[in-house]
Amino acid sequence: MIDSHCHLDHEPLLSDLNNIIQRSKDVGIKKLLTISTSIDSFSKIKQLIQKDDIIYGTVGIHPHESENNVLTSSQLAQNFNDNEKIIGIGETGLDFYYNNSNIEKQISSFKEHIEASIETKSPLIVHSRNAENETYEILNSYKNNNLKILMHCFTGSKQFAKKLLLLNSYFSASGIITFKNAADLRDTFKSLPLEKILIETDSPFLAPVPNRGKKNEPSFINFTAAKLAEIKEISKSKIIEITTNNFNQLFFN
């Protein structure tokens, strides 16, 4: 298994890293991709990727952090190129859920990340919340640049997913697919092609059932894999094989 999106620089994961890594290995995780959300976050990730062979990282600014953290496309690309264990650009994107006060800065940051992704020919990890139309229009404006898009923790509509598939996007399922009130999301993942699906924890957030309400960690990806297998009506071992191959296809080809 591969956890395609976690935040090992966040507590309580950071202070318990050795145990987190061991429990990850115990359930069969082969790679952990720890995601940058700010300039400070990236400085921690550069250290984390040296801790164990299974840990990889990204460089990026979360939309919530885009007001006080600014990196140009060239700065993002330079940080990406400086370390072979940095394998993606992001987390970036648009989030209009809490407030709309920094929309222009979010959009500007998103475009810088897209341009860095194009320059480095690397995957773009996209966060989109309450911004489906805007996210799609921006990504679509770069459709001739062969973007490698990963929609992280995808919770969007089926219509949004269909449009993103035309841009050759991948979609990552999080613990949200195990939640009781996520029937529409399960239906969306049921409709997505197997070759476009990854799994993630987004830990320490969004712990899957039966651990909902607890702090999430990478080893809990087991539950998300089992639910996704149920949704897709195939074995858990097959969903693990497929999502692992998809990750490696996206990040290492």
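Please list the helices of the chain that count as membrane-span-like by this rule: a mean Kyte-Doolittle hydropathy of at least 0.0 together with Cα atoms stretching 15 Å or more along the helix axis, each helix being a complete DSSP H run.
The qualifying helices are 221-232.
Give the Rg (one decimal place) followed by the Dmax (whole number) of the chain, computed from C-alpha coordinates and expressed in Å.
For the chain, the Cα radius of gyration and maximum Cα-Cα distance read 16.6, 45 Å.
Extension gain residue 141-residue 68, at 0.36 nm per residue separation less the Cα-Cα distance, in nm?
Between residue 141 and residue 68, full extension yields an extra 23.7 nm.
Name the residue from 150, 62, 175 whose Cα lies farthest towards the positive end of the charge dipole of the stretch 2-252, charges +1 on Cβ of Lys and Arg and -1 on Cβ of Asp and Glu.
175
For the stretch 202-244, which GluC sites (Glu not before Pro) are both in a DSSP coil and crowded by at most 16 other Cβ atoms within 10 Å?
The qualifying sites are 233.
In whole percent, what relative contact order does the stretch 2-252 give with Cα contacts below 8 Å and a gap of six or more residues?
Once divided by the residue count of the stretch 2-252, the mean separation gives 18 percent.
Filter the GluC sites (Glu not before Pro) in the stretch 53-116 to those in DSSP coil with at most 15 other Cβ atoms within 10 Å of their Cβ, and list the result.
In loop regions of the stretch 53-116 (DSSP not H, G, I, E or B), the sparsely surrounded GluC sites (Glu not before Pro) are 67, 84.
Between residue 108 and residue 43, what is the label-to-label distance in nm when each label sits 7 Å out along the Cα-to-Cβ direction?
Taking the two extended label points, one gets 2.3 nm.
Hey, could you grab the Kirkwood Rh for the stretch 140-253? Inverse mean 1/r over distinct alpha carbon pairs, Å, one decimal.
Hydrodynamic radius (Kirkwood, Cα pairs) of the stretch 140-253 is 14.3 Å.
Separation of the stretch 192-224 and the stretch 55-115 by C-alpha centroid, Å?
Here the two parts' Cα centres lie 23 Å apart.
At R0 = 30 Å, how high is the FRET efficiency between residue 205 and residue 236 if r is their beta carbon distance? Nearest 0.05 is fine.
0.85
What does the charge dipole of the stretch 21-163 about its Cα centre add up to, to the nearest 20 debye, if the Cβ of each Lys and Arg holds +1 and the Cβ of each Asp and Glu holds -1?
Approximately 600 debye in magnitude.
Tell me which trypsin sites (Lys or Arg not before Pro) from the stretch 7-50 have a DSSP coil assignment and no more than 15 other beta carbons within 10 Å of their own.
Sites meeting the loop and neighbour criteria: 30.
Looking at 206, 222, 89, which one has the Cα that reaches farthest to the positive end of the dipole of the chain (charges on Cβ: Lys, Arg +1; Asp, Glu -1)?
Projecting each Cα onto the dipole axis, the largest value belongs to 222.
Say a site is exposed when it is one of the chymotrypsin sites (Phe, Trp or Tyr not before Pro), sits in a DSSP loop, and has at most 12 other Cβ atoms within 10 Å; what is then the longest site-free stretch of the chain?
99-253
Rounding to the nearest 20 debye, state how big the charge dipole of the chain is about its Cα centre with +1 on each Lys and Arg Cβ and -1 on each Asp and Glu Cβ.
820
Values quoted throughout were computed directly from the atomic coordinates according to the rules given, and no laboratory measurement underlies them. Quick caveat, the model's predicted, so the values are computed rather than measured. Using ideal geometry, Cβ is built from the backbone for each residue, glycine included, and neighbour counts are taken over all protein chains shown.
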